[in-house]
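Following: one structure in structure tokens, then a few remarks.
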Amino acid sequence: MGRICCFTGPRPKSLGGYTGPEAFRIKTVVRNVLCEEIGKAIEVGFDTFISGGALGVDQWAAREVLLHRAFKPEIKLIIARPFPSQPTAWPKQAQKEFSEIIDMANEVVDVCKDPYAPWKMQRRNEWMVDQSEFVMSVWLGIESGGTWNCIRYALAHKKQVRVINPDTGGVSWYT
């Protein structure tokens with residue numbers, strides 16, 4: 001593996017919901033910016049991307065990596081699950097979509113063993129950050145929750161954090 005980037009960001013419920021015009025707008029903005037930023041990362045030598053696989057940003061980022069890989073087969077996607085049964089409580093369609101991503105990933109890492117425990121999501125985030133040179137984040141600027149915990153961990157471990165604003169599509173380095 002060469003240079004590695006991981007992703008963090010909220011679930012759809014924090015980004016306009018799962019359905020409706022606002023959810024569609026935000027998802028479109030975020031996916032377009034992720035596509036562009038992943039392309040920029042590839043241009044400067046990143047070839048491996050880690051997604052936590054959760055609903056929302058994690059899966060959107062994974063899909064964008066897979067689109068880039070269609071043109072550059074050397075690009076690798078790693079899915080870091082917090083535990084193997086991660087998607088079992090999700091709706092059936094979400095489980096199906098996650099299964100498709102898993103099938104296309106180059107590698108799946110189960111950071112912890114089953115069963116579910118809330119702390120395992122943070123442990124997964126820490127594992128992803130520890131493997132990565134920088135973190136690409138979709139962040140609302142709220143200093144609480146899983147995305148913030150991941151950003152704070154990354155900064156404490158001297159990792160660069162690239163932030164995408166889901167409302168505007170603006171991108172900046174967070175320090």
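A few remarks follow.
- Boolean, residue 20 is modelled with pLDDT under 95, of a type outside the set (A, V, I, L, M) and surrounded by fewer than 17 Cβ atoms within 10 Å (Cβ to Cβ): yes
- Residue 50 vs. criteria touching a residue at least 60 places away in the same chain (Cβ under 8 Å), aliphatic (A, V, I, L, M), closer than 18 Å to residue 171 by Cβ and surrounded by 14 or more Cβ atoms within 10 Å (Cβ to Cβ): no
- For residue 40: the one exception among (1) within 19 Å of residue 161 (Cβ to Cβ); (2) part of a loop (DSSP other than H, G, I, E, B): (2)
- For region 134-167, filtering for residues that are free of Cβ contacts under 8 Å to residues at least 24 places away in the same chain, under 27 Å from residue 24 (Cβ atoms) and of a type outside the set (A, V, I, L, M) leaves 2.
The values are calculated or read from the model by the stated rules, or taken from the named source; none is laboratory data. Computed from a predicted model, the values in this text were never measured in an experiment. When we count neighbours, we look across all protein chains shown, and the Cβ atoms used for this are built from the backbone with ideal geometry, even at glycine.
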